[in-house]
Structures are given as structure tokens and as C-alpha cells.
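Following: one structure in C-alpha cells, then a few remarks.
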Amino acid sequence: MIETPRLILRPFKESDVEAAHVWFSDPEVFRFYTYGPYFSLEQTAERIRQYMLHFEKHRFAKCIVLEKSTGIPIGDAGLSFIDEMNEVHVGYKFARSHWGLGYATEAAQAWLRYGFDQLKFSRILAFVHPQNAASIRVIQKLQFKLSTYKREEGIDWEIYELLRSDDERNVATENKIRKTTIGEPKVINSSILLVEYDPVWPALFALEADRIRAALGARVLRLEHVGSTSVPTLAAKPVIDILLMVLDSSDEAAYVPSLESAGYILRAREPDWHEHRFFKGPDREINLHCFSAGCTEIERMLAFRDWLRSNDGDRLLYEQTKRRLAGQTWKYVQNYADAKTTIVEEILARATKAGELEAKKVGMLPG
């Protein structure tokens with residue numbers, strides 16, 4: 001038996017047939033299936049017997065889902081073994097009375113945890129009808145990625161996959177976000193909005209910089225416009241990223257109250273990553289990143305910005321990568337940011353090498 005905050009998932013029993021027939025007999029529930037619905041109790045009973053035999057053989061199967069608050073059976077969900085593919089896939093279906101409540105995501109997530117953590121599967125698949133938008137949203141929320149297609153009965157089924165390594169990374173990111181975020185993290189479960197470069201962005205930065213300087217005065221050691229909105233012609237999220245350098249970002253008493261008095265909200269504290277502090281603004285879409293004097297991340301952020309401003313090829317490559325990733329579904333914006341790490345490091349390596357070569361030319365480095 002598996003429990004979640006709102007659900008109980010247990011193996012089917014023969015006594016579940018009548019309750020399960022509510023959704024097994026509903027044509028809408030089976031709209032995107034190649035089998036069903038089952039209009040007789042005998043047909044439903046036979047399908048449930050198949051689930052029970054599958055569980056006896058593999059110790060996992062489609063299981064009945066009970067709503068904790070009522071004890072009512074509301075659907076089924078679980079893992080199934082596909083003999084001809086030697087693969088495992090996750091599936092779910094729920095009574096229409098319980099659609100739109102997030103139960104499919106909750107139940108599928110529980111089975112993923114069981115499959116990866118207890119059964120040690122290396123990957124789990126999901127087969128989705130290309131027109132089943134609701135199921136596609138569930139799978140994307142769970143961070144599955146489209147892998148391939150399978151033609152069956154005239155339908156190009158979309159096959160999504162989630163690797164255990166990716167799942168472990170997602171879980172680690174989730175834990176980190178919850179550990180560092182002040183308050184509840186903002187879940188988006190959607191794609192990322194990118195817009196064309198807007199020439200007003202530097203002016204918005206300047207207005208925000210004035211407000212920060214007014215709040216902190218001489219405690220501002222450096223204030224820079226960073227991120228994609230600081231790079232002319234580059235498409236970006238319409239959010240102004242600002243880099244603030246203070247003497248010691250871990251000494252919150254020295255500057256946080258002043259920023260809070262100006263309307264800024266401290267949303268994240270990362271003592272293990274350069275003592276980074278992250279603020280949201282009072283009335284504009286901004287991300288304020290605060291670091292200590294001498295922090296190496298400051299120079300990395302500025303080097304990346306300056307390189308993209310001057311290098312057309314890498315600016316285009318970065319934008320193409322951003323657009324591809326932005327079209328995917330992400331639970332948190334941070335997941336999208338983390339997905340850009342590889343391309344950012346690749347571009348930074350070229351920028352660093354170019355900077356070293358330039359320094360050699362002017363005699364600043366040996367060799």
C-alpha cells in the first residue's frame with residue numbers, strides 16, 4: 001500500500017469490481033484508450049483480474065486509488081510491465097467526478113517514487129495519446145521528456161521517459177529550493193515566457209538602481225544590470241536581473257532591513273552558494289541578487305553578460321537554447337535555469353579563453 005497526502009493506493013481485490021465499474025464503464029474516461037470502456041461488470045472484473053495477476057507476478061500493477069478524506073474509490077494508477085518492450089510504464093485513470101483536482105499527478109508521482117526508490121528502475125515510460133492534453137500536462141509536470149513515437153491502430157502515440165538519474169536530480173533540486181526559499185516556493189508547472197528584447201529594460205534597471213542606492217547609500221559597492229535583459233537584441237523573460245555587491249552578504253542586519261523598508265522582499269538565502277541572497281521587488285518584475293565583495297560569481301556573471309553583448313554567434317546559440325528549453329514544462333523557474341547550465345558553462349569557457357588571450361596580448365599574463 002502506498003499513501004500520499006490525499007490518497008491511498010492499494011492492490012485491487014475482487015470486491016472492488018462494482019466500485020471500479022463507475023469509471024471503467026465511462027466512455028469519456030476511455031476516450032484516449034485503444035481498449036474499453038467496459039459496459040458489463042464481467043468485463044470490468046476480467047480487467048481487474050488481469051491487474052491482480054500482474055501484481056502477483058511483478059509486485060507492482062495498476063492499483064485502486066482511494067480518496068483519504070472519504071474512503072471512496074476514485075480511480076486506478078500504477079506501473080505496468082510491457083513484455084514486448086521489456087519496459088515499465090506509468091498509467092492512471094480517474095472517475096470524472098474527480099478530474100481536475102490534481103489526483104493523477106499525485107498518484108503518478110507516488111508510483112514514480114516507488115519505482116525508482118524501491119524497485120530501482122533505471123527509467124519509467126509514459127504512453128500518451130497526442131490529443132490527450134490533460135494527460136500530457138500531468139506527464140510534463142512530473143518532468144517526463146518526449147522520447148519517441150509508436151504507431152498503433154492509426155495513432156502516433158507519444159512515448160515519454162523519465163530516467164532515474166534525472167528524477168534524482170529533480171528531487172535534489174526540489175529539496176534545495178525548499179531549503180533555501182523563504183516562504184513557499186512558487187510552482188509554475190508551465191513553459192517559460194520569452195519575449196523579444198525591449199529597449200526599455202535598461203531604463204527600468206536604472207530606476208530600480210536609483211531606489212536601491214537610495215535605500216542603501218554607501219553600502220552599495222557595485223550595482224549591475226545582468227541576465228538576458230542586459231544584452232541588447234537577446235530574447236528574455238521580462239524580468240530585470242540586478243547584481244548587488246555589499247561588503248558581506250551574510251551580514252543581513254547590515255542591509256536587509258533597509259531594503260525591506262524600500263519594499264524589497266527577501267525570498268531566498270543560500271549560505272552554501274556564495275552566501276547569495278535573493279530579493280523580489282516592490283512593484284516591478286525584478287530579481288535582485290546580492291553577493292559579498294570579492295565573490296567569484298560576480299565576475300562570472302559580468303563576463304557572461306559582456307561576452308554575449310559582443311559575440312553574435314554565442315548570443316544566437318544561447319537564444320536558440322533558451323527558446324528550446326523555454327518551450328518545455330517546468331515545475332519551478334529554477335528548473336529551467338538549471339537546464340541552461342551546460343550552455344552557460346560552454347559559453348563562459350570560450351569567454352574566459354578569449355579574455356586570457358587578450359590579456360596575453362597586452363602583457364597582463366605570462367606566456
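Rule-based calculations on the coordinates, nothing more; no lab input. Just so it is clear, the structure is predicted and the values come from calculations on it, not from any experiment. Cβ: placed from backbone, ideal geometry, glycine included. Neighbour counts: every protein chain shown.
Ordered by the count of other Cβ atoms within 10 Å of each Cβ, fewest first, 342, 229, 321, 44 give 342, 321, 44, 229.
Between the labelled values [x] 25.8, 86; [y] 30.0, 128; [z] 30.6, 111, the entry that holds Rg and Dmax of the Cα atoms in Å as derived from this structure is [x]. Note on the chain: with a GNM built from Cα contacts shorter than 10 Å, the maximum mean-square fluctuation among 315, 323, 350 falls on 350. Extending 7 Å from the Cα toward the beta-carbon at both residue 285 and residue 206 defines two label points whose distance is 2.2 nm. List, in the order given, every pair from 62/179; 280/322; 120/141 whose Cα-Cα distance in the structure shown is over 27 Å. As for pairs spanning more than 27 Å Cα to Cα, those are 62/179. When the GluC sites (Glu not before Pro) in region 26-98 are filtered for DSSP coil states and for at most 11 other beta-carbon atoms within 10 Å of their beta-carbon, the remaining sites are 28, 84.
Antiparallel beta bridges, as assigned by DSSP with both residues in the chain, represent about 85 percent of the total such bridges. Comparing 245, 85, 301 in a Gaussian network model of the chain where C-alpha atoms under 10 Å apart are linked, the largest mean-square fluctuation is found at 85. When both bridge partners sit in region 221-362, DSSP labels roughly 65% of those beta bridges antiparallel. For the chain, the longest principal axis of the C-alpha atoms and the axis of helix 201-216 are separated by about 70°. In terms of surrounding Cβ atoms within a 10 Å radius of their Cβ, 353, 322, 145 rank from fewest to most as 353, 145, 322. When only DSSP loop residues count, what trypsin sites (Lys or Arg not before Pro) in region 67-134 have their Cβ near at most 10 other Cβ atoms within 10 Å? The qualifying sites are 120. You can think of it this way: the chain between residue 43 and residue 10 has 9.8 nm of extra reach, that is 0.36 nm per residue less the Cα-Cα gap. A Förster radius of 41 Å, combined with the Cβ-Cβ distance separating residue 317 from residue 28, puts the computed FRET efficiency at roughly 0.35.
Take the Cα of residue 178, go 7 Å toward its beta carbon, and none of the backbone nitrogen atoms of region 63-77 fall under 13 Å from that spot.
Give the distance, in whole Å, between the Cα centre of region 57-109 and the Cα centre of region 241-309. If we compute the Cα centre of each part, the gap is 44 Å. As a length-normalised measure over Cα pairs under 8 Å and 6 or more apart, the relative contact order of the chain settles at 11 percent.
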